[in-house]
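Visitor: Shown below is the structure under consideration.
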There are 2 protein chains.
Amino acid sequence: MKKLINSPETVVTDALEGLAAAHPSLSVDVANKVITRAGAPRPGKVGLVSGGGSGHEPLHGGFVGYGMLDAACPGEVFTSPVPDQMLAATRAVNGGAGVLYVVKNYTGDVLNFQMAAELAGDEGIEIAQVVVNDDVAVQDSLYTAGRRGTGATVFVEKIAGALAEEGADLATVAAVARLVNERSRSFGVALSPCTIPAAGKPTFELGEGEIELGIGIHGEPGRTRGPLAPAAELTAVALDAIQGDLSVAGDLMVMVSGMGGTPLIELYLLYNEVRAYLNAHGGRIARNLVGNYITSLEMRGFLITVCHLTDDLIRLWDAPVETPALRWGR
Amino acid sequence: MKKLINSPETVVTDALEGLAAAHPSLSVDVANKVITRAGAPRPGKVGLVSGGGSGHEPLHGGFVGYGMLDAACPGEVFTSPVPDQMLAATRAVNGGAGVLYVVKNYTGDVLNFQMAAELAGDEGIEIAQVVVNDDVAVQDSLYTAGRRGTGATVFVEKIAGALAEEGADLATVAAVARLVNERSRSFGVALSPCTIPAAGKPTFELGEGEIELGIGIHGEPGRTRGPLAPAAELTAVALDAIQGDLSVAGDLMVMVSGMGGTPLIELYLLYNEVRAYLNAHGGRIARNLVGNYITSLEMRGFLITVCHLTDDLIRLWDAPVETPALRWGR
């Protein structure tokens, strides 16, 4: 296992130390693994909390800041954070207007956030939850009942974060988060596996010219394996799957995210194919993200996420944001 | 060779199509491979042009925009752009106040930019050049006479770009670019090689537990090979080399850039080690960048760049910038 780490046991806390040092706009409780915006809680503002296993950076810690998340709870690599972490984050960001949990649909995450919600409720903190389940690749998976939550999480966190920043109440913020999830679909492709530090060996094996279609963000199996094909064909497989679930016609926001080990030149090349496909199927890309936004350690591959926009969603997407990984407009 | 491409011949132009589609703030001449800021030239403003082989994204095209470059000329992968490209870029951004070329010290780049400068001079366009040569790893290399130009290029482009945006004249902008280069040092480490699409096989081979210390951004050999070691040790090797050339005591800007295939969690972990080392040696990090800023396709590894700051350099670094890869403050 070749990794730039000190030891498998300290990967997450060592990286959190680095995140804290690099971004004074964050307040990082390394021991409890809770990342909050400096200055939290903000009285009267709905708090946004997300979390999940580490290894998907910049998700979620890189999205903590003005106009997006108030706190993130990173678990160990590919392992759900625990309810105590989530409760600590909830207390830290509760400004009296309630807290929204943004939960990717993995069984551990869902159960633990549910438990945290109950604990927070016992303390009188109002909690709402949105479960993100945008991945069309498989109906159930190793770690999920129902669809997995992947790229739409980035859109949900940005758009709900903007609305919370405007002062909307908890029900309204939760509603827009659900709306974004309902209007989003994702599909991923892997060229190579990744290695969980504590495991020391790849999560799966792929042959020399073989790829995995419909991969999950933990390396869990997708729909099928097949031979490597040109980018235009791979893009069509991904978008056919998305289009088979929900028409891509209309005004869209599109993210082409690398899986962690994919060079940017390939992501822009893929984006060009995505655009050509969508245009040919009645889609018009109004907003886009190209880069590493939700990853699987050093996995090579890509994730395409498509979201159907409305004027209001565009406005909230364009609203100022100031986080380590997304930043514009202020 | 596993790559997300359509064909080795069209990698660069396909990716440029995607870049153009993703960023309406850029004007991309795909056929001639020239990326300019929309709205160029800007009358009375010194133009900043850079370029080099593709495969180092976001360098340079991702740094075109307000407060940074006016144009970039990408060559084929790891291949210098040609003088005609550079001349086209120069004409496109010449607003009458002259043009600064930011050149990484590789023989092909230096010769071609020199030729472009002569051609532009013949047309009455005043040209200044800064050759970036910050890499302390080797004195000469496969592609270089003298030190290679690596991470300091990002600092030079940002800081000189900010000064040009303020309306400084060509000599002043060129002087600050040289100052940043003189005050910067870099060192890189590779865990894995990369594959040039047209070559189809890795640029070099590394054993299972073997790494390359002092690697160049094209996979050209470094100082030595050695066994994989903990991140703290690898960081110390890199910073010992930098410190051996120029003391790290004082106020610093530090970049920890991934080589393209390195996950962000590892980069933050490395940043934490870099900070500990620098603090122990009298250095204080006043500004930082952690992410993929100058890469080598899908290579796994990192590049550390350290720049000694002045109050004026901090002011120019903090000035607003709006490019695909760096964005803040407006």
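Visitor: Out of (1) under 16 Å from the mean Cα position of the chain (by Cα); (2) more than 8 Å from chain A (Cβ to nearest Cβ), the odd one out for B:Val290 is which?
Guide: Here B:Val290 clears every test but (2).
Visitor: Search the range B:273-287 for residues being within 14 Å of B:His308 (Cα to Cα) and of a type in the set (A, V, I, L, M, F, W, C), and hand back the single one that is nearest to the other protein chains (Cβ to nearest Cβ).
Guide: My answer is B:Ile285.
Visitor: Right, next: Mind listing just one residue for me: the one in the range B:159-173 that is surrounded by fewer than 23 Cβ atoms within 10 Å (Cβ to Cβ) and in contact (Cβ under 8 Å) with a residue 40 or more places away in the chain and, of those, nearest to B:Gly301 (Cα to Cα)?
Guide: Restricting to residues being surrounded by fewer than 23 Cβ atoms within 10 Å (Cβ to Cβ) and in contact (Cβ under 8 Å) with a residue 40 or more places away in the chain, the top hit is B:Glu165.
Visitor: Considering each of A:Leu297, A:Leu228, A:Leu213 in turn, give the residue that is under 30 Å from A:Thr323 (Cβ atoms) and aliphatic (A, V, I, L, M).
Guide: So the residue among A:Leu297, A:Leu228, A:Leu213 that is under 30 Å from A:Thr323 (Cβ atoms) and aliphatic (A, V, I, L, M) is A:Leu297.
Visitor: Which one of these is modelled with pLDDT under 95 and not assigned by TED's automatic domain parsing to the domain that holds B:Gly62: B:Glu220, B:Glu273?
Guide: B:Glu220
Residue-by-condition table, conditions (1) on the phi < 0 side of the Ramachandran plot; (2) within 14 Å of another protein chain (Cβ to nearest Cβ); (3) of a type in the set (Lys, Arg):
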| site | (1), (2), (3) |
| --- | --- |
| B:Leu4 | yes, yes, no |
| B:Ser7 | yes, yes, no |
| B:Glu17 | yes, yes, no |
| B:Ser25 | yes, yes, no |
| B:Val46 | yes, no, no |
| B:Gly52 | no, yes, no |
| B:Leu69 | yes, no, no |
| B:Cys73 | yes, no, no |
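Visitor: Can you tell me which residue in the range B:183-201 is surrounded by the most Cβ atoms within 10 Å (Cβ to Cβ), limited to those that are more than 10 Å from every other protein chain (Cβ to nearest Cβ) and β-branched (Val, Ile, Thr)?
Guide: It comes out as B:Ile196.
Visitor: Then there's this: Go over the candidates B:Asp122, B:Asp109 one by one and state the one that is under 17 Å from B:Thr153 (Cα atoms) and not hydroxyl-bearing (Ser, Thr, Tyr).
Guide: Among B:Asp122, B:Asp109, only B:Asp109 is under 17 Å from B:Thr153 (Cα atoms) and not hydroxyl-bearing (Ser, Thr, Tyr).
Visitor: I would also like to ask the following. How about the range A:217-258: which of its residues are more than 9 Å from chain B (Cβ to nearest Cβ), of a type in the set (A, V, I, L, M, F, W, C) and in contact with a Phe, Trp or Tyr (Cβ under 7 Å, 6 or more places away or on another chain)?
Guide: Passing the criteria: A:Ala236, A:Ala238, A:Leu239, A:Ala241, A:Ile242, A:Met253, A:Met255.
Visitor: Tally the residues that are more than 19 Å from the chain's Cα centre (by Cα) and either among the small types (Gly, Ala, Ser) or surrounded by fewer than 17 Cβ atoms within 10 Å (Cβ to Cβ) (or both), restricting the search to the range A:92-118.
Guide: 9
Visitor: Now for a different question. Taking the options A:Leu264, A:Leu239, name whichever one is outside the structural domain of A:Asp134 (by TED's automatic domain parsing) and farther than 17 Å from B:Ala325 by Cβ.
Guide: Step by step, each of A:Leu264, A:Leu239 is checked, and only A:Leu239 is outside the structural domain of A:Asp134 (by TED's automatic domain parsing) and farther than 17 Å from B:Ala325 by Cβ.
Visitor: State all residues of the range A:185-211 that are closer than 19 Å to A:Tyr143 by Cβ, in contact (Cβ under 8 Å) with a residue 40 or more places away in the chain and in a loop (DSSP other than H, G, I, E, B); if no residue qualifies, say none.
Guide: Of everything in the range A:185-211, those that are closer than 19 Å to A:Tyr143 by Cβ, in contact (Cβ under 8 Å) with a residue 40 or more places away in the chain and in a loop (DSSP other than H, G, I, E, B) turn out to be A:Pro193, A:Cys194, A:Ile196, A:Pro197, A:Ala198, A:Lys201.
Visitor: Same structure, new question: Does B:Thr224 count as free of Cβ contacts under 8 Å to residues at least 40 places away in the same chain and either touching a Leu at 6+ places or on another chain (Cβ under 8 Å) or acidic (Asp, Glu) (or both)?
Guide: Criteria met by B:Thr224.
Visitor: Sticking with this structure for a sec: Sort through A:Ala120, A:Ala128, A:Ala116 and tell me the only one that's in a strand (DSSP E or B) and closer than 20 Å to A:Pro81 by Cα.
Guide: A:Ala128
Visitor: Is the range B:245-263 home to any residue that is of a type outside the set (A, V, I, L, M, F, W, C), touching an Asp or Glu at 6+ places or on another chain (Cβ under 9 Å) and without any contact (Cβ under 8 Å) to a residue 12 or more places away in the chain?
Guide: yes
Visitor: All but one of (1) without any contact (Cβ under 8 Å) to a residue 60 or more places away in the chain; (2) more than 26 Å from A:Cys194 (Cβ to Cβ); (3) touching a strand residue (DSSP E or B) at 6+ places or on another chain (Cβ under 9 Å) hold for A:Gly96, so report the exception by its number.
Guide: Single failed check for A:Gly96: (3).
Visitor: Which number in (1) among the β-branched types (Val, Ile, Thr); (2) in contact with a helix residue (DSSP H, G or I) (Cβ under 8 Å, 6 or more places away or on another chain); (3) within 21 Å of A:Arg178 (Cβ to Cβ) marks the one condition that A:Val93 misses?
Guide: Single failed check for A:Val93: (2).
Visitor: Please give the number of the condition B:Met86 fails out of (1) of a type outside the set (Lys, Arg); (2) surrounded by fewer than 22 Cβ atoms within 10 Å (Cβ to Cβ); (3) without any contact (Cβ under 8 Å) to a residue 40 or more places away in the chain; (4) under 11 Å from B:Val34 (Cα atoms).
Guide: (2)
Visitor: In the range B:294-306, which residues are more than 10 Å from chain A (Cβ to nearest Cβ) and within 30 Å of B:Lys3 (Cα to Cα)?
Guide: B:Ile294, B:Leu303, B:Ile304, B:Thr305
One line per residue, one yes/no per condition, for (1) more than 20 Å from the chain's Cα centre (by Cα); (2) among the hydroxyl-bearing types (Ser, Thr, Tyr); (3) crowded, with 22+ Cβ neighbours inside 10 Å; (4) outside the structural domain of A:Gly95 (by TED's automatic domain parsing):
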{"residue": "A:Met1", "(1), (2), (3), (4)": "yes, no, no, yes"}
{"residue": "A:Arg42", "(1), (2), (3), (4)": "yes, no, no, no"}
{"residue": "A:Val49", "(1), (2), (3), (4)": "no, no, yes, no"}
{"residue": "A:Gly55", "(1), (2), (3), (4)": "no, no, yes, no"}
{"residue": "A:Val64", "(1), (2), (3), (4)": "no, no, yes, no"}
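Visitor: Can you confirm whether B:Ala152 is among the small types (Gly, Ala, Ser), within 22 Å of the chain's Cα centre (by Cα) and modelled with pLDDT under 95?
Guide: No, not satisfied.
Visitor: What number of residues within the range B:319-328 are of a type outside the set (A, V, I, L, M) and either free of Cβ contacts under 8 Å to residues at least 12 places away in the same chain or surrounded by 18 or more Cβ atoms within 10 Å (Cβ to Cβ) (or both)?
Guide: 4
The values are calculated or read from the model by the stated rules, or taken from the named source; none is laboratory data. Keep in mind the model is a prediction, meaning the values are calculated, not measured. Cβ sites come from the backbone with ideal geometry, for glycine too, and all protein chains shown count toward neighbours.
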